[in-house]
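A short write-up of the structure that comes next.
The values are calculated or read from the model by the stated rules, or taken from the named source; none is laboratory data. Please read all numbers here as calculations on a predicted model, not as lab measurements. When we count neighbours, we look across all protein chains shown, and the Cβ atoms used for this are built from the backbone with ideal geometry, even at glycine. Ligands, DNA and RNA are stripped out before the accessible areas are found, and what is left, the full protein with its side chains, is counted by its heavy atoms. Shrake-Rupley method; radii C 1.70, N 1.55, O 1.52, S 1.80 Å.
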Amino acid sequence: MNKKIVIIGGGVSGLSAGIYAQLNGFDAEIVEMHSITGGQCTAWDRKGYRFDYCLHWLVGTRKGPFNDIWKETNVLNDQVEIIDHEVHTKIFADDGREFVLYTNLDKWEKYLCNLAPEDTASIRKMCTDMRKSAFLQPYSDPPGLRKISQTIPSMLSMMPIMILFMKHGRKTCDEYFRSLKFKNPTLTYFLNSAYGSRDFSALAFIMMFAWFNQKNAGYLIGGSLPMAKRMTEKFIGLGGKLTTRKRVTRIIVENDVAKGVVLSDGSEIFADYVISAADGHSTIFDMLGGKYLNKKISNAYEKWELFTPIVQVSFGIGSVISSVNPVETWLIKDQMIGRTKTCQGYSIMNYCFDHTMAPEGNTVIVIRFESPWDQWKDISEAEYLIEKQNIEKDARALLEKHYPGVSTFVEVVDVATPVTDVNYTGVWKGSYEGFMPSSKNLMNNLNPALPGLKKFYMAGQWLFPGGGLPPAGQSGKWAIQYICRDEKIKFKTRKEF
């Protein structure tokens, strides 16, 4: 009999782990608390409209190790259409000034130099840093399993950016912008407002634009739901078992060896290995009772900043509403939307570029804004219903402000809150991407093996500051690579007959 792996959570990391487990001769069972797979990578259908909660762009749509994972797990195949937007975001200040983030570095550099000719030298230096970071390629294999034949070429390829890492690896965006000594007030306002107002890693900012420039961070037509469905079909097609509507409450441990899981209905599933692709905090402190910790793990969950949860208000509109910009961000502080007073403003995403999101001749537009978890954690059911109504009313007013006359065409409205996210995914404090990538932790990943616990690995975005789909998919693969090492078998990325 094949050895069994039980995987907690059917998000992207859990599906990835399940697929690679089946490819390598294990019997994998995914236990998912929701009725569908995908986790944070999800969307929901309302009266013919689809409201996507996750996918804006995906690193690895063109090349590299992430691209390999997406092809191996059926995220990408010959039928998937990819769009590389010319504009990433158009940003507006409350005084009417505009600022465009182009995905092509040559175009963006020219645009910035025209906007701020006095900062030409600094702008060119910033764009050069971004071009240099394109040499960085993530490792295919996890720490401890990297062969010298892979490590040396990777290190050599990184030589052009080693100085970049040494100079800016521990800088915030604010510190990086100040080191460039920008003078133009419009340029400094928009860069600082968008990226410099918190401890956001300068390297994360630099690398993001390198991915866009390489056309290696495109948008998948259809969005999140079909992506998760393709992975699920791959997993089940390989013989994997999927159990939904079941929540894991405890991981069975005997003599510091993981033996299986206990479900909320009291039933048990025993296995040779346990992988938790669920929320990191729930896994470590609830399912395992906080017994397998070290200083680094404790410090991360006590001190690392989290992504602020978001509220998403989705509109199904019975008319064609066109926009040349996929996303527009309005930097309006103290805008009241329900009880939330915005700090970063709000964004409007018009899905007119994706024909699958609405019936022909119709449009989906989504408004998103950050809303701290403290405003939601103790809210009563009655207060919650009233708050959702107030959010809808205020969001409708904003939509009408930006698209005059649109109100008469609104057919469907859906309000998703941090409470929605927690209820359906179990994510800690509604932090949809886990730890914020800061100047202190960007290169400081958490170990998937917990100290003192055998036959157990973690997967998912809580291992990697910055979170997101690529490290989620990669961590699922890495978990199976570690298990293959433990079992002394060769890891495979395709089924051998």
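Computed from label points 7 Å out along Cα-Cβ, the spacing between residue 114 and residue 45 is 4.4 nm. What does the charge count around residue 22 come to, taking other residues whose C-beta lies under 14 Å from its C-beta (Lys +1, Arg +1, Asp -1, Glu -1)? Spelling it out: positives minus negatives among the neighbours equals +3. Sequence-ordered 3J(HN,Hα) estimates for region 442-451 from the Karplus curve with 6.51, -1.76 and 1.60 and θ = phi - 60° stand at 3, 9, 10, 5, 8, 6, x, 9, 7, x Hz, glycine and proline given as x. Under 5 Å between amide hydrogens, built in the peptide plane, is the criterion, and for residue 438 it picks out 201 among residues at least 5 positions away or on other chains. Computed in the context of the full set of protein chains, the accessible area of the chain at 1.4 Å probe radius has 52% of its extent on carbon or sulfur. Contact order for the chain, expressed relative to its length and based on alpha carbon pairs under 8 Å spaced 6+ residues apart, stands at 24 percent. Shape descriptor for region 351-497: Rg over Rh equals 1.10 (Cα atoms; Rh from the Kirkwood inverse mean 1/r). Helix 381-402 and the longest principal axis of the Cα set of the chain meet at an angle near 40°. So if R0 is 41 Å, what FRET efficiency would residue 263 and residue 139 give, r being the distance between their Cβ atoms, rounded to the nearest 0.05? Efficiency, rounded to the nearest 0.05: 0.70. 3J(HN,Hα) along region 415-428, derived from phi through the Karplus expression 6.51 cos²θ - 1.76 cosθ + 1.60 where θ = phi - 60°, amounts to 10, 10, 10, x, 5, 4, 4, 5, 5, 9, 10, x, 5, 5 Hz, with x in place of Gly and Pro. At a probe radius of 1.4 angstrom, the accessible area of the chain per residue rounds to 43 square angstrom.
Rounded to whole numbers, the Karplus 3J(HN,Hα) couplings from phi for region 41-51 are 7, 8, 7, 9, 9, 9, 6, x, 9, 10, 10 Hz, using 6.51 cos²θ - 1.76 cosθ + 1.60 with θ = phi - 60°, and x at Gly and Pro. The C-alpha atoms of the chain define a longest principal axis, and helix 148-157 lies at about 10 degrees to it. How many angstrom lie between the C-alpha centres of region 198-244 and region 407-486? The two parts, judged by their Cα centres, are 12 Å apart.
Among the lysines of region 282-375, pairs at least eight places apart or on separate chains and with Cα atoms under 27 Å apart come to 5. Remark on region 253-404: Rg and Dmax equal 21.6, 65 Å (Cα only).
Between helix 202-213 and the chain there is an angle of about 80 degrees, using the helix long axis and the longest principal axis of the Cα atoms. Hydrodynamic radius of the chain by the Kirkwood approach over all distinct alpha-carbon pairs: 23.7 Å. Measuring from centroid to centroid over Cα atoms, what is the spacing of region 70-89 and region 1-65 in Å? Here the two parts' Cα centres lie 16 Å apart. Proximity of backbone amide H atoms, modeled 1.01 Å from N, is registered between residue 88 and 101, 102, 103 at under 5 Å, excluding neighbours fewer than 5 places apart on the same chain. Here the calculated FRET efficiency for residue 334 and residue 400, from their Cβ-Cβ distance with R0 = 22 Å, stands at 0.65, rounded to the nearest 0.05.
When peptides 14-24, 76-86 are sorted by average Cβ neighbour count within 10 Å, with the highest value leading, the order is 14-24, 76-86.
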